[in-house]
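All remarks here apply to the structure that follows.
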Amino acid sequence: MENQNSIISLKNVNKIYPNGAQAVFDFNLDIKDGEFIVMAGPSGCGKSTTLRMIAGLEEISSGELWINGKLCNDVAPRDRNIAMVFQNYALYAHMTVYHNLAFSLLIRKIDSDEIHKRVMAAAEMLGLIPYLNRKPKQLSGGQRQRVAVGRAIVRNPVVYLLDEPLSNLDAKLRASMRKELSQLHHQLNATFIYVTHDQIEALTLADRIVVMKDGYIQQCSSPKEMFDNPVNLFVAGFIGTPPMNFYKGIINEDGTFTHTSSGTVLTIEPDMFESIKNKGYVGKQVIMASRPDYVYMDEATFAKYPGGKFTLKLDYEEHLGAYNLVYGLFGDERCIAKVYNRDQASGETVECVFDMSKVHFFDPETENRIND
Ligand code: ADP
């Protein structure tokens, strides 16, 4: 049965391509009406395959796909009430913007007054009114992308599927289109499923992010939850720029962590230690992970985080206006710190602290997080 509160439900969905390659494994997700879902992960992890199964462009090998209360595994794409926006906008070069927007409605034999109304409403929403008589080649990249989005809007779909829609645009345009898409989502009050390999797009746009790897969902949660509490090393390394720093070491009985390559002893927060101890990790090898955002090197923080002191061997520094990215080595492992305040003179080493309430511990074999 479908979940009554969901606009889309995927239940135990698998995709095996005819050549025998399995691209998606046991995919389960309930998407609420109006949600902005971002599917993220590296190239080849199965994002597009999943999106294409929802669209009906790829057959579902096993499992169930429910859209708006209807089992849709065998429903034709055009009858699913969804619209898709691709990265290569696939606009009709010989048609004007107006006709590009109207075309899918014309072939559905919709009444011409209604078509005009919908085209003008979409053009108005997207700032395309001045360009309605132009052909695609007379438009900028951003304008073409808006026409592609407009072609989806005129169909009034229940769900919008967007496959890397901004990846052909330059960095500046991407940032402004990101904002526009977010506003559009609010305005349309529709459900968006958006595929990207760009974790910044995922963090800025999503209500919930689904991170995939090798065909499996790794974590599905709000951007904040994913940033604060990644479930495994893969998600910890994928979400956040610069990525988390990782350090090998051992959990000691007295509630400390000994960093192997430097010999530094750090104090684990009592609650965190309790959960690690309960899972049997005392005396075991683990990986400690710390975000560059939670490494500090100004005097005021040393008293605040007394259990997190360590020495960083400096490598180089990037000055990025409001903050510096400091690259160095902790023992023989890479440490990047994003620092806003830095009151020590530059030398070969610098004294630093980890905010130990923000670190995480992972099992080096299963790669899963072990602290609660
Ligand atoms: P992503 O969108 O995350 O980059 P895809 O969903 O496109 O990943 O691909 C997932 C996996 O399925 C990849 O290993 C890819 O090579 C494979 N794949 C995609 N399309 C086909 C196909 N038509 N036949 C066989 N394998 C495919």
Placing one equal point scatterer on each C-alpha of the stretch 1-67 and summing with Debye, one gets log10 I(q)/I(0) at q = 0.17 Å⁻¹ equal to -0.59
Rounded to whole Å and sorted largest first, what semi-axes of the equivalent ellipsoid does the C-alpha gyration tensor of the stretch 196-283 yield via the square root of 5 times each eigenvalue?
30, 14, 12
Given q = 0.14, 0.21 Å⁻¹, what are the Debye log10 I(q)/I(0) values for the stretch 247-372, with equal point scatterers placed on the Cα positions and solvent ignored?
-0.59, -1.19
Cα gyration tensor, the stretch 65-210 - rounded (a/c under 1.5), prolate or oblate
oblate
Pull up all non-local amide H partners of Met84: gap of 5 or more, or a different chain, and H-to-H distance under 5 Å with H placed in the peptide plane.
Leu161
Between helix 112-125 and the chain: long-axis angle, C-alpha atoms, 0 to 90°, nearest 10:
30
Could you calculate, for the chain, the ratio of the Cα radius of gyration to the Kirkwood radius, expressed as Rg to Rh?
1.06
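Contact order normalised by length for the chain, with contacts defined as Cα pairs under 8 Å and 6 or more residues apart; what percent is it? Display every interim value, and only then the final one.
Working: 745 pairs, mean separation 55.5, N = 372.
Across the chain, relative contact order equals 15 percent.
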Quick check on the chain: helices-only [θ] at 222 nm, where DSSP H runs of length 4 and up contribute -39,500 (n - 2.57) each and the sum goes over total residues. Nearest 500, please.
-8000 deg cm²/dmol
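Which ordering of His360, His186, His99 is given by a fewest-first count of other beta-carbon atoms within 10 Å? Don't skip to the answer; put the middle values down first.
Numbers: His360 22, His186 10, His99 15.
Ranked by crowding around the Cβ, least crowded first: His186, His99, His360.
Which value, in nm² and rounded to one decimal, describes the direction-averaged projected area of the C-alpha convex hull of the stretch 40-138? Intermediate values should be presented prior to the final figure.
Details: hull surface 34.9 nm².
Over every viewing direction, the Cα hull of the stretch 40-138 projects on average to 8.7 nm².
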Pairs of Cα atoms under 8 Å, at least six residues apart: use those to get the relative contact order of the stretch 273-359, whole percent.
39
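Every number in this text was worked out from the coordinates using simple rules, so none of it is lab data. These numbers come from a predicted model, not from an experiment. Note: ideal-geometry Cβ built from the backbone for every residue, glycine included; neighbour counts use all protein chains shown.
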